[in-house]
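Visitor: One structure is given below, represented as structure tokens, and several questions about it will come after.
The values are calculated or read from the model by the stated rules, or taken from the named source; none is laboratory data. These numbers come from a predicted model, not from an experiment. Cβ coordinates were reconstructed from backbone atoms using ideal geometry, including for glycine residues, and neighbour counts include every protein chain displayed. Ligands, DNA and RNA are excluded from the accessible area calculation, which covers all protein heavy atoms including side chains. Shrake-Rupley method; radii C 1.70, N 1.55, O 1.52, S 1.80 Å.
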Amino acid sequence: MRHGRWRFLLGALVPALVLHVVFVLSPYAQAFYLSLTDWTGVAGQASFVGVDNYVRLGGDSLFLDAVRNNLVLLAVVPLVTIGIGLFLASMLRHSPARLGQGYRIVYFFPQLLSLVVIAVLWSFVYNPNTGLLNSGLRAIGLDGLTRSWLAEPAWALVAVMAVLVWSSVGFYVVLFSAAIEGIPAELFEAAKLDGAGRWATFWKVTLPLVRESVQVAFVYLGIAALDAFAVVQIMTVGPGGPDGATEVIGMSLYRTAFSYGKFGYASAMGVALFFATLTLAVLALRAGRKERLELA
Amino acid sequence: MTLLRERPTLETTTPPARTNRKFPNPLPQLAMFCWAVVTALPLLWAVVSSFKSDKEILNEPWSPPSTLHFENWERAWTAASIGRYFLNSLIVVGGALILTMLLGALVAYALARYEFRGNRVIYYIFVAAMFFPVFLALVPLFFVVQQLGLLGTYPGLILVYTAYAVPFTVFFLHSFFRTLPSEIAEAAFLDGCSHGAVFFRVMLPLARPGLFAVGIFNFLGLWNQYLLPLVLNPDPDRYVLAQGLAALSVSQGYRSDWSGLFAGLTIAMLPVLIAYVAFQRHIRAGMTAGAVK
């Protein structure tokens with residue numbers, strides 16, 4: 001029996017562990033080392049340069065554009081998405097059951113699509129001549145508002161953010177409305193008896209009780225905002241947009257590595273992105289812990 | 001992070017408290033309707049456009065097709081190689097999904113139901129990987145795959161996809177296997193079943209709901225994968241669907257074939273749409289439950 005137990009455990013764990021070490025752990029570990037070298041892809045020709053790559057990042061204007069754009073995405077996309085998501089989720093509570101179910105089905109669908117499909121679709125929507133958006137604006141007489149959304153530096157990043165929000169709102173509507181349905185009905189009734197309007201009920205009852213879901217949403221959307229690679233790479237001109245208006249860290253990293261062959265430098269960008277992600281997760285979790293103490 | 005005490009049952013839609021019936025507020029209904037239009041309109045527009053001629057697409061973007069141009073679909077499928085990309089995706093995602101589910105379930109079960117030294121360490125080694133951005137691994141991963149001679153091959157993509165999908169699968173199924181009752185397994189052991197037989201014949205069938213939920217999640221994630229094939233799969237003959245579609249949409253040669261591109265886009269959306277229509281409630285419940293775990 002003991003013998004069989006160990007043989008089973010080895011058989012169950014070893015294949016997955018081997019894959020994990022070869023394709024996941026070792027690349028992550030190597031990335032940290034590579035970021036301290038000037039490696040250009042030739043075997044055995046990497047010299048150690050210390051933190052030079054990181055110093056260079058600080059003076060690389062395109063990379064700084066990328067960081068700025070990712071920060072804008074980080075500030076806007078989660079907030080807007082969660083705002084719309086919470087609004088629609090709390091409205092769903094008031095709509096007839098069947099209709100609400102129908103809305104959930106429609107809202108959720110974009111979540112299932114590949115970001116590639118979404119990016120290609122929206123590059124058609126934004127097309128200055130034949131796109132849905134501009135021709136729609138022309139049809140209702142708002143010709144003045146039409147523009148080449150993805151080619152104008154002032155609008156390209158806004159257009160990208162709109163796509164990210166569009167594609168993720170539905171998921172959070174469903175997530176939040178599941179959380180809202182978990183709130184005991186008596187609480188809403190008590191609020192109503194106390195004369196609380198919808199607005200007050202939302203702030204005083206709904207929001208505090210779905211806070212944990214909102215926190216999870218911030219982490220997920222924050223990570224998505226630090227990425228945004230597929231949408232930018234496929235949708236915007238350049239890629240990287242007009243004047244680097246939509247450059248993101250992932251884009252810089254990809255180009256530096258696989259177009260320019262500067263693998264050491266690209267790895268430094270990867271490490272920077274890793275620490276950004278880590279900081280985000282830690283901040284969100286600590287914020288959450290504080291809230292819980294306040295509630296207790 | 002177990003945030004919801006119980007699984008959200010999305011079916012229970014009886015609103016807890018009806019609003020004041022004397023003053024029905026039309027604004028919320030309007031807002032919900034508007035967002036439904038904003039969501040559905042671009043998708044419907046793409047599907048409708050895939051049946052139009054190039055001329056109609058250029059001149060009347062909002063009007064329906066005068067005749068249904070099914071040849072757009074045929075052209076996209078054959079001339080634009082969408083058919084081949086589709087087949088490549090099926091092979092790679094199918095292989096990776098089977099392997100992911102098998103390895104993920106084995107690891108999750110072994111870690112959830114057996115006590116041994118290093119159990120926790122192995123669990124965290126897997127789960128920690130979920131918190132690292134794939135971009136960080138990208139450069140070294142390219143060279144690892146290259147050195148193994150797996151660049152641009154089906155097995156290479158399948159193994160890498162599997163390696164990156166296993167951590168979440170383990171994380172999800174680990175808690176699932178913990179909740180299963182142990183009496184049935186003990187009875188099977190008494191009947192002389194081996195450890196492997198208990199897993200495959202007893203525990204795996206019991207875990208079917210969990211396997212189904214994480215299987216759908218993995219299918220969507222793998223089917224929609226873009227960054228990994230972009231870097232590891234440079235041969236146009238082996239492009240997966242997302243990769244091929246992205247390449248078509250930026251390649252100058254197909255820039256003018258609008259109807260073909262719309263058809264390709266619609267073909268790419270179709271399998272996901274069909275799966276969604278068939279399993280929509282399970283998919284929404286499974287994916288949102290996965291997020292808050």
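Visitor: Normalised by the number of residues in segment A:175-264, what is the relative contact order in percent for Cα pairs under 8 Å and 6+ residues apart?
Guide: Value for segment A:175-264: 19 percent.
Visitor: Please report, to one decimal in angstroms, the Kirkwood hydrodynamic radius of segment B:76-292 built from all distinct Cα-Cα pairs.
Guide: About 19.2 Å, per the Kirkwood formula over Cα pairs.
Visitor: Using only Cα atoms, what Kirkwood radius does segment A:148-296 have, in angstroms?
Guide: Averaging 1/r across every pair of different Cα atoms and inverting gives 18.3 Å.
Visitor: Each residue of segment B:171-187 in order: what ³J(HN,Hα) in whole Hz does its phi give by Karplus 6.51 cos²θ - 1.76 cosθ + 1.60, θ = phi - 60°, with x for Gly and Pro?
Guide: So the Karplus estimates, Gly and Pro as x, are 4, 5, 7, 4, 5, 5, 5, 5, 7, 6, x, 9, 4, 5, 4, 4, 4 Hz.
Visitor: Still on this model: Using Cα pairs under 8 angstrom and six or more residues apart, how large is the relative contact order of chain A, in percent?
Guide: Dividing the mean separation by the residue count of chain A yields 29 percent.
Visitor: Here's something else I'd like to know. How tilted is helix B:208-223 with respect to the longest principal axis of chain B? Cα atoms for both, answer in degrees (0 to 90, nearest 10).
Guide: The helix B:208-223 is inclined about 40 degrees to chain B.
Visitor: Just the number, please: buried accessible area between A and B, total of both chains, 1.4 angstrom probe, nearest 100 square angstrom.
Guide: Approximately 9200 Å², summed over both chains.
Visitor: Using only atoms on other chains, find how many Cβ atoms lie within 10 Å of each Cβ of peptide B:114-120 and report the average.
Guide: Averaged over the peptide's residues, the number is 2.
Visitor: Follow-up. Over the Cα atoms of the protein assembly as shown, what radius of gyration and what Dmax do you get, in Å?
Guide: My reading of the Cα-based Rg and Dmax gives 25.1, 80 Å.
Visitor: Right, here's the next one. Give me the Kirkwood hydrodynamic radius of segment A:35-295, using the inverse of the mean 1/r over all pairs of distinct Cα atoms, in Å to one decimal.
Guide: Final number for the Kirkwood radius of segment A:35-295 is 20.9 Å.
Visitor: Related question: Could you order A:LYS262, A:LYS204 by accessible surface area, starting with the largest, using a probe radius of 1.4 Å?
Guide: A:LYS204, A:LYS262
Visitor: How many percent of the accessible area of the protein assembly as shown is carbon or sulfur, using a 1.4 Å probe?
Guide: 66
Visitor: Moving to a separate point now. Roughly how many Å² of B:THR179 are accessible to a 1.4 Å probe, to the nearest 10?
Guide: Its heavy atoms expose roughly 100 Å² to the probe.
Visitor: A further question follows. Roughly how many Å² of A:TYR254 are accessible to a 1.4 Å probe, to the nearest 10?
Guide: 40
Visitor: Using a loss threshold of 50 Å², tell me which positions in segment A:4-22 are less accessible in the complex than in their chain alone. Probe radius 1.4 Å, ligands and nucleic acids ignored.
Guide: By number: A:ARG5, A:PHE8, A:LEU9, A:ALA12, A:LEU13, A:ALA16, A:LEU17, A:LEU19, A:HIS20.
Visitor: Rounded to the nearest 0.05, what FRET efficiency is calculated for A:ALA154 and B:TYR114 with R0 set to 45 Å and r the Cβ-Cβ distance?
Guide: The pair A:ALA154/B:TYR114 has a calculated efficiency of 0.15.
Visitor: Ok, one more. For segment A:88-217, with equal point scatterers placed on the C-alpha atoms only and solvent neglected, what are the log10 I(q)/I(0) values from the Debye formula at q = 0.11, 0.15, 0.18 1/Å, to two decimals?
Guide: At q = 0.11, 0.15, 0.18 Å⁻¹ the computed log10 ratios are -0.57, -0.86, -0.99.
Visitor: Relative contact order for segment B:139-293: what percent, with Cα pairs under 8 Å and sequence separation of 6 or more?
Guide: 28
Visitor: Based on DSSP H runs of at least 4 residues, each adding -39500 (n - 2.57), what is the mean residue ellipticity at 222 nm of chain B after dividing by all its residues, to the nearest 500 deg cm²/dmol?
Guide: -22500 deg cm²/dmol
Visitor: What aspartates and glutamates does A:LYS204 reach when the alpha-carbon gap must be under 17 Å and sequence neighbours fewer than 8 apart in one chain are set aside?
Guide: A:GLU181, A:GLU186, A:GLU189, A:ASP194, A:GLU212, A:GLU291, A:GLU294
Visitor: Can you tell me the order of A:191-200, A:113-122, A:73-82, A:229-238 when each peptide is scored by its average per-residue count of other Cβ atoms within 10 angstrom, highest first?
Guide: Order by mean packing, descending: A:113-122, A:229-238, A:73-82, A:191-200.
Visitor: Which aspartates and glutamates does B:LYS52 reach when only Cα atoms under 12 Å apart count, and residues fewer than 8 places away in its own chain are ignored?
Guide: B:GLU60, B:GLU71, B:ASP257
Visitor: Taking 0.36 nm per intervening residue step and subtracting the Cα-Cα distance, what contour gain separates B:GLU74 from B:VAL277 on full extension?
Guide: Fully extending the segment from B:GLU74 to B:VAL277 adds 70.6 nm.
Visitor: How large is ³J(HN,Hα) for each residue in segment B:103-110, as worked out from phi by the Karplus curve 6.51 cos²θ - 1.76 cosθ + 1.60 (θ = phi - 60°), to whole Hz, x for Gly and Pro?
Guide: So the Karplus estimates, Gly and Pro as x, are 5, x, 5, 4, 5, 4, 5, 4 Hz.
Visitor: On the full set of protein chains, 1.4 Å probe, figure out the accessible area of B:ARG281 and give it in Å² to the nearest 10.
Guide: Taking all protein chains as shown, B:ARG281 has close to 100 Å².
Visitor: May I ask you to list the trypsin sites (Lys or Arg not before Pro) in segment B:21-99 that are in a DSSP loop and have at most 15 other Cβ atoms within 10 Å of their Cβ?
Guide: Here the sparse-neighbourhood loop sites are B:ARG21, B:LYS22.
Visitor: Provide a whole-number value for the mean count of partner chain Cβ atoms within 10 Å of the Cβ atoms in peptide A:132-143.
Guide: 2
Visitor: Could you tell me the center-to-center distance, by alpha carbons, between segment A:92-111 and segment A:213-231 in angstrom?
Guide: 23
Visitor: Going by accessible area, probe 1.4 Å, with all protein chains left in place, what is the ranking of A:TRP166, B:TRP62, largest first?
Guide: Correct descending sequence by accessible area is B:TRP62, A:TRP166.
Visitor: May I pose another question? Hey, got the average number of other protein chain Cβ atoms within 10 angstrom for residues in A:171-181?
Guide: Shielding by partners across A:171-181 averages 5.
Visitor: So, for chain A, what is the accessible surface per residue at a probe of 1.4 Å, expressed in square angstrom?
Guide: 43
Visitor: Additional query: Please list, ordered by chain and number, the residues whose modelled amide H lies under 5 Å from the amide H of A:THR37; skip anything fewer than 5 residues away on the same chain.
Guide: So A:THR37 has HN proximity to A:VAL49.
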